[in-house]
There are 2 protein chains.
Amino acid sequence: MILLDGKKIASQIKEEIAGRVGEIVKSEGKTPHLAAVIVGSDGASETYVAHKVKACKEVGFNSSLFRLEEQVTEDLLLGKIDEINNNNDIDGVIVQLPLPSHISEDKVIERISVRKDVDGFHPVNVGRMLIGQPAYISATPYGILQLLERYNIETSGKHCVIIGRSNIVGKPVAALMARKGYPGDCTVTLCHSRTRNLEDICRQADILVAALGSAGFVNADMVKEGAVVIDVGITRVQSNETKSGWKLLGDVGFQEVAPKCSYITPVPGGVGPMTIVSLLANTLRASLGEIYGRQRTGQ
Amino acid sequence: MILLDGKKIASQIKEEIAGRVGEIVKSEGKTPHLAAVIVGSDGASETYVAHKVKACKEVGFNSSLFRLEEQVTEDLLLGKIDEINNNNDIDGVIVQLPLPSHISEDKVIERISVRKDVDGFHPVNVGRMLIGQPAYISATPYGILQLLERYNIETSGKHCVIIGRSNIVGKPVAALMARKGYPGDCTVTLCHSRTRNLEDICRQADILVAALGSAGFVNADMVKEGAVVIDVGITRVQSNETKSGWKLLGDVGFQEVAPKCSYITPVPGGVGPMTIVSLLANTLRASLGEIYGRQRTGQ
């Protein structure tokens with residue numbers, strides 16, 4: 001059994017990105033720049049955004065944080081997005097979700113310029129991903145792909161079973177693992193709350209992706225000998241074992257499942273650390289105009 | 001075994017659409033209007049477009065056919081699209097594919113206003129479909145959904161296996177059958193040329209969708225007793241049995257497979273006739289501004 005060490009790979013990728021910033025400053029005449037928009041002061045959102053800003057600093061990116069109050073109108077937020085879209089110095093923008101209920105998340109996401117949509121949530125990027133065109137791929141699916149790639153895990157012709165059909169993990173991972181090329185070319189089965197015989201289906205998986213958000217859901221009986229197991233779940237539970245009084249659990253019962261696996265991601269330290277570096281990688285690509293070409297003024 | 005009679009259902013839907021045109025003229029002050037753009041004079045493309053124009057006439061829609069010569073520049077074609085986008089009298093536009101090799105199909109499709117993209121090929125519509133937002137769904141997948149719905153075929157919790165991962169059939173059908181709601185909520189397996197143990201996987205299918213384009217590929221051994229079989233393939237082969245000297249074959253060996261099925265589509269007369277009515281249904285929705293609201297001048 002080999003541990004898919006997301007923490008190690010993420011730090012390697014960060015170093016690689018940091019190493020490229022110097023060249024980019026020379027070739028582009030500017031430093032890659034990520035803007036984050038946060039509305040209100042939700043604790044979890046604050047933490048996530050702080051991590052992203054910190055990661056930018058670590059690799060030498062510029063970052064800007066735009067704070068809007070909880071009561072901000074949708075129009076004002078959309079105006080802020082327009083302003084960022086039109087600012088040639090900013091390469092990528094993320095809007096921390098969730099937004100307050102009086103604001104349409106869909107509308108806000110669709111307002112972001114596709115060329116700055118480094119979260120990969122804009123329907124144009126989602127659609128292009130599905131039909132195999134170049135696109136920004138959202139952080140968690142992109143992180144999973146990178147992890148498979150860095151460990152040279154064969155995917156072609158493998159049966160990849162995904163548990164969970166969320167828009168940000170299950171559906172895009174299904175699309176990506178089924179498409180032509182590497183990592184991809186898998187037979188893909190997408191399972192969810194309505195699935196019958198889930199155990200039987202999981203046992204067929206060469207690659208099993210658990211993304212349902214239920215701690216310890218996947219047990220040893222559901223996993224084929226030699227399978228690759230990717231655990232996307234993160235559930236915070238109380239614990240006497242840690243100083244903080246809580247610990248993080250994945251969707252996979254690691255202790256019993258790991259011995260059967262060829263590869264498995266731990267939680268924490270597996271998929272988690274890969275997500276932020278994927279956002280950095282997308283911002284790097286945006287600064288190079290890799291997907292949609294250069295920004296012209298006001299575009 | 002019940003035949004999924006696409007010809008019959010398609011003609012019912014056409015009647016329903018025709019019945020609504022009168023009200024729409026009253027409520028919208030105009031007749032639904034589909035524009036088709038054809039470049040060059042490919043025989044098959046001419047036939048397809050002629051069928052679409054004829055179908056418009058049958059239900060009382062207006063239609064416009066824009067012919068551009070094979071040598072037309074990409075810029076000129078894009079300019080024509082802009083003109084159609086800006087014409088408030090036109091509700092939907094399709095560009096008949098394939099286009100000559102000097103023109104980027106992706107660029108042309110992305111130029112079509114999402115609100116007039118009744119073929120559902122624009123990445124915004126594809127992306128919105130994947131994440132479960134309202135969108136124009138392309139004709140063949142939409143036709144398949146309608147057929148399942150009209151026959152009240154249960155889909156929730158069923159295992160839907162799809163053979164073929166094309167952008168216009170396999171991938172969108174997979175996305176649609178997996179999403180919440182009816183028809184949908186299936187466990188979905190997407191298979192393709194790299195799939196191993198295809199027979200085993202197909203035998204698990206409660207609903208089997210064959211969309212690989214290989215005549216008679218699916219045999220009786222690959223089908224579970226009581227399965228619903230949807231045959232999307234159309235291959236034209238020579239035949240002594242017909243006057244014309246050719247006949248159409250599906251991807252399913254109908255004679256041997258049909259007796260095992262609860263429901264099966266014939267070829268021809270199954271999925272085929274459903275595609276054009278789906279285009280009409282999308283045009284109707286566009287004329288009512290159902291997905292993206294009303295067009296304002298120049299939008």
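One table, with the values for the structure above:
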| quantity | calculated |
| --- | --- |
| Residues (under 20 Å from residue A:166 (Cβ atoms) and more than 7 Å from every other protein chain (Cβ to nearest Cβ)) located in segment B:120-131 | B:129 |
| Any hit, segment B:144-156, residues being facing another protein chain (nearest Cβ under 8 Å) and not aromatic (Phe, Trp, Tyr) | yes |
| Residue that is surrounded by the most Cβ atoms within 10 Å (Cβ to Cβ), among those in segment B:88-117 that are more than 14 Å from every other protein chain (Cβ to nearest Cβ) and farther than 23 Å from residue B:278 by Cβ | B:103 |
| Residue among A:210, A:215, A:220, A:227 that alone is modelled with pLDDT of 95 or more, in contact with a Cys (Cβ under 7 Å, 6 or more places away or on another chain) and among the hydrophobic types (A, V, I, L, M, F, W, C) | A:227 |
| Residue list for segment B:141-154, filter: among the β-branched types (Val, Ile, Thr) and crowded, with 21+ Cβ neighbours inside 10 Å | B:144 |
| Matching option when the condition is in contact with a strand residue (DSSP E or B) (Cβ under 7 Å, 6 or more places away or on another chain), of a type in the set (S, T, N, Q) and in the same structural domain as residue B:158 (by TED's automatic domain parsing), among B:214, B:193, B:262, B:244 | B:262 |
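The values are calculated or read from the model by the stated rules, or taken from the named source; none is laboratory data. Not measured: the values here are computed from a predicted model. Cβ atoms come from the backbone with ideal geometry, glycine included; neighbour counts cover every protein chain shown.
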